[in-house]
Amino acid sequence: MLELTKRSSLIYCLIIIAVVTMLSCQNQEASAANYNILLLKLQGGISPAQVQLLEGGLEQAGDDDHDLVLLQLDTPGGSVSSMRDMVKIIMNSEIPVCVWVGPEGAHAASAGTFITASAVVAAMAPGTSIGAASPVSTSGDDLSKTMSKKVIGDMVSLITGIARKRGRNIEWYVQSVKDGVSVDAQDAATLNVVDYIALSVDDFLEQLGARGVVLRGQKVRFLKDEVDIAEYDPGLRYDVLSWLLDPQVAYFLLLGGILGLFFEFSHPGVVLPGVIGAFCLVTGLYAMSILPTNAAGLLLLLLGSVLFVLEIFIVSYGLLSLGAVISLFIGSLVLFREGSPGIPLEIILGTVLTFSAFFGLVIYLVTKAQISRSGVGIASMVGLEGEVIELRGERMKVRVRGEIWNAETGDKIIFAEGTLIEVVQVHGLTLIVAKKN
């Protein structure tokens, strides 16, 4: 009986141990719940396409219940308006947005400086840089004194508010806007421009988990094994839009569209240049509708193309072509508003000169063909025979080669209807005729 009692006690102990072990494992699994991180890779200039990338990423992060969004950044800068939109999105996002400037060799210049400053946590890879946030004109040159004062003042107030909100080095960020200074990753971490240096995305998250970050209203710490990283795929639409919204690409599409339609109008029936030109013009105008474009610049480009077309039909001795070149040049300079990436001056000069040379060549060939055709027609009229078909005062209507012409004689003699005549000379659209012997 005693032995049976011992066996029963042993069985009960084993059952208790098994239950405790199962409960312990469940608690460990619960405590090891993964933190879901969404990785967004942003490379290239800042434009409305990058704004849509950030919006799409945050929307997916909310739909898939991600805890944090990590923005991998490498940009030379870009549109001020797009940068402001991105900063606004990051600062007001319910899901924390962190920024890692990487990989090695990357930079967060100009507009990228503002985006990095707005992040909840910011880090940089070794060999990267940040800064050079001074605003420039659309052509890449310094702004005028008055405009520079207004724009820099606006940018300083923005960067000051961002840096104060995130607890970063306000003085350095202001200096980056005013003087265009830049620093590498090591100095950035030392000066509290960013929070720390991270070798990779995994290293960033490992340090972030050790330091702690506020997620869903509570500061949490996590291990590397507790993180589940998913990379955001913006899809083909983003790739196409990002390419299309490059100011230089939009500019070339617009001029290419104008050129194609001009070639079609000057050589009716060719079809292919007209189709390609229409496609380029529509896509270029779509890009211009999204980019910060000046209507005056766009109208000047269109005016230049119209003046080139008129040169074919109006004898202006080159004045229309000169006006067209000036319109194209000034229109290209003011096409994009101040603060947007714009087009470098050397590209504008090269494009306008090439564009004008091509237009000039087409106009020359068309005019030469018209003169040649006209000369052949006039020369072939002399010596032809015809018939008087109608009298109108001192002028006659004659039929020559199946065509009706105004005609007169050199000595103002009028021939009766039905008289056979011979063309002896042509003055414009009037034939000088003589009675056929």
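The values are calculated or read from the model by the stated rules, or taken from the named source; none is laboratory data. Everything numeric here is computed off the predicted structure, so don't read it as measured data. Note that we place each Cβ from the backbone using ideal geometry, even for glycine, and neighbour counts take in every protein chain shown. These accessible areas exclude ligands, DNA and RNA; they are computed on the full protein's heavy atoms, side chains included. Shrake-Rupley method; radii C 1.70, N 1.55, O 1.52, S 1.80 Å.
Averaged over all directions, how much area does the convex hull of the C-alpha atoms of region 159-305 cover when projected, in nm²?
The number I arrive at for region 159-305 is 14.3 nm².
Determine the gain in length on full extension of the stretch Thr419-Val282; use 0.36 nm per residue of separation and subtract their C-alpha separation, reporting nm with one decimal. Mind dumping the intermediate values first?
Values: separation 137, 0.36 × 137 = 49.32 nm, distance 5.92 nm.
Taking Thr419 through Val282 to full extension adds about 43.4 nm, to one decimal.
What spacing in nm lies between the two simple spin-label points modelled at Glu403 and Asp154, each 7 Å away from Cα in the Cβ direction?
6.2
Are any of the pairs Lys41/Lys149; Lys88/Lys224; Lys88/Lys219 more than 27 Å apart by Cα-Cα distance, and if so, which?
Result: Lys41/Lys149; Lys88/Lys224 exceed 27 Å.
Which value, in Å² rounded to 10, gives the accessible area of Tyr251 with a 1.4 Å probe and all protein chains present?
Roll a 1.4 Å probe over it and Tyr251 shows about 0 Å².
Using 0.36 nm per residue of separation minus the Cα-Cα distance, give me the extension gain between Glu59 and Val270 in nm, one decimal.
Taking Glu59 through Val270 to full extension adds about 71.2 nm, to one decimal.
If you wrap region 64-103's Cα atoms in a convex hull and average its projection over all directions, what's the area in nm²?
Computed as one quarter of the Cα hull surface, the answer is 3.4 nm².
Compute the Cα gyration tensor for region 382-433, then decide on rounded, prolate or oblate, letting a ≥ b ≥ c be the square roots of its eigenvalues: rounded whenever a/c is under 1.5, prolate when a/b is larger than b/c in the other cases, and oblate in all that remain. Please report the intermediate quantities before stating the final value.
Details: a/c = 1.39, a/b = 1.10, b/c = 1.27.
Verdict is rounded for region 382-433.
Stokes-Einstein D for region 81-134 at 20 °C, 1.002 mPa s, Kirkwood Rh over Cα pairs, in µm²/s?
189
What is the gain in length, in nm to one decimal, between Leu299 and Leu349 on full extension, counting 0.36 nm per residue of separation less the C-alpha to C-alpha distance? If you can, show how the numbers build up before the last one.
Values: separation 50, 0.36 × 50 = 18.00 nm, distance 1.85 nm.
Roughly 16.1 nm would be gained on extension.
Given a 1.4 Å probe and the protein chains all in place, what does the accessible area of Glu55 round to, in Å² to the nearest 10?
We get 90 Å² for Glu55.
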